[in-house]
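What follows is a single structure, written as structure tokens, with notes after it.
The values are calculated or read from the model by the stated rules, or taken from the named source; none is laboratory data. Treat the numbers as computed from the prediction; the structure is a model and nothing was measured. Cβ coordinates were reconstructed from backbone atoms using ideal geometry, including for glycine residues, and neighbour counts include every protein chain displayed. Just the protein is used for accessible areas: all its heavy atoms, side chains included, with ligands, DNA and RNA removed. Shrake-Rupley method; radii C 1.70, N 1.55, O 1.52, S 1.80 Å.
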Amino acid sequence: MGNSWRYGFSSVIGTSHLKAGIPCQDASNCNIFETSDGESILIAVASDGAGSASRAEIGSNLVCSSVMEFFGDLVIRSHSDMLTKATLYSAIDEWFLVMRNAINIYATSEDNTIRDYACQRRR
């Protein structure tokens, strides 16, 4: 099946971050994955680093990378008719647990708290 997806994305540092010498804390990623039956699926993710978190840019990047890996693998392993709302909601619940654990391990290894990596999803 042909791929007709086209996409673009970027993150730009805000003026308040420039003035304060804080790096861009936002991250985004986009990729096209193919199901086992040849259906092309676009996955797009954006994460807004919490301005009050000292390592928010790392948290945002970890979240975006994790979404691509976790859900990309899910899509690749699935037939398009298997990707139902219930399947995706269950996968999201699983991903949150995996991601929280991964950030906690990362934070501990850096002698930080999980809160230091706070970020949020954008709709």
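What fraction, in whole percent, of alpha-carbon pairs in the chain exceed 19 Å separation? Summing the P(r) of the chain above 19 Å gives 54 percent of all pairs. Largest to smallest in accessible area, the residues Lys19, Lys85 fall in the order Lys19, Lys85 (1.4 Å probe, all protein chains included). Accessible area of the range 3-107 with a 1.4 Å probe: how many percent of it is carbon plus sulfur? Percent of accessible area from carbon and sulfur atoms in the range 3-107: 56.
The dipole here belongs to the range 1-89: it is taken about the Cα centre, uses +1 on the Cβ of Lys and Arg and -1 on the Cβ of Asp and Glu, and is about 320 debye. With K and R counted +1 and D and E -1, the other residues having a Cβ less than 12 Å from that of Ala53 yield a net charge of -1.
The angle between the Cα long axis of helix 56-77 and the main principal axis of the chain comes to about 10°, on a 0 to 90 degree scale. Please list, by residue number, everything in the range 37-79 whose backbone N is under 13 Å from a paramagnetic label point 7 Å out along Cα→Cβ of Ser16. Those under the cut-off are 49-53. Are there any GluC sites (Glu not before Pro) in the range 22-123 that are in a DSSP loop and have at most 13 other Cβ atoms within 10 Å? List them by number. Sparse-neighbourhood loop GluC sites (Glu not before Pro): Glu110.
Across q = 0.19, 0.20, 0.25, 0.28 Å⁻¹, the range 62-123 modelled as identical point scatterers on its alpha-carbon atoms has Debye log10 I(q)/I(0) values of -0.77, -0.83, -1.09, -1.23, in the order of the q list. Residues in the chain average 64 Å² of solvent-accessible surface per residue, probe 1.4 Å, ligands and nucleic acids excluded.
With r defined as the distance between the Cβ atoms of Thr87 and Cys24 and R0 fixed at 22 Å, what FRET efficiency is calculated, to the nearest 0.05? For Thr87 and Cys24, the calculated efficiency is 0.05.
Rounded to 0.05, the FRET efficiency of the Asp73 and Ser52 pair, given R0 = 35 Å and the Cβ-Cβ distance, is 0.60.
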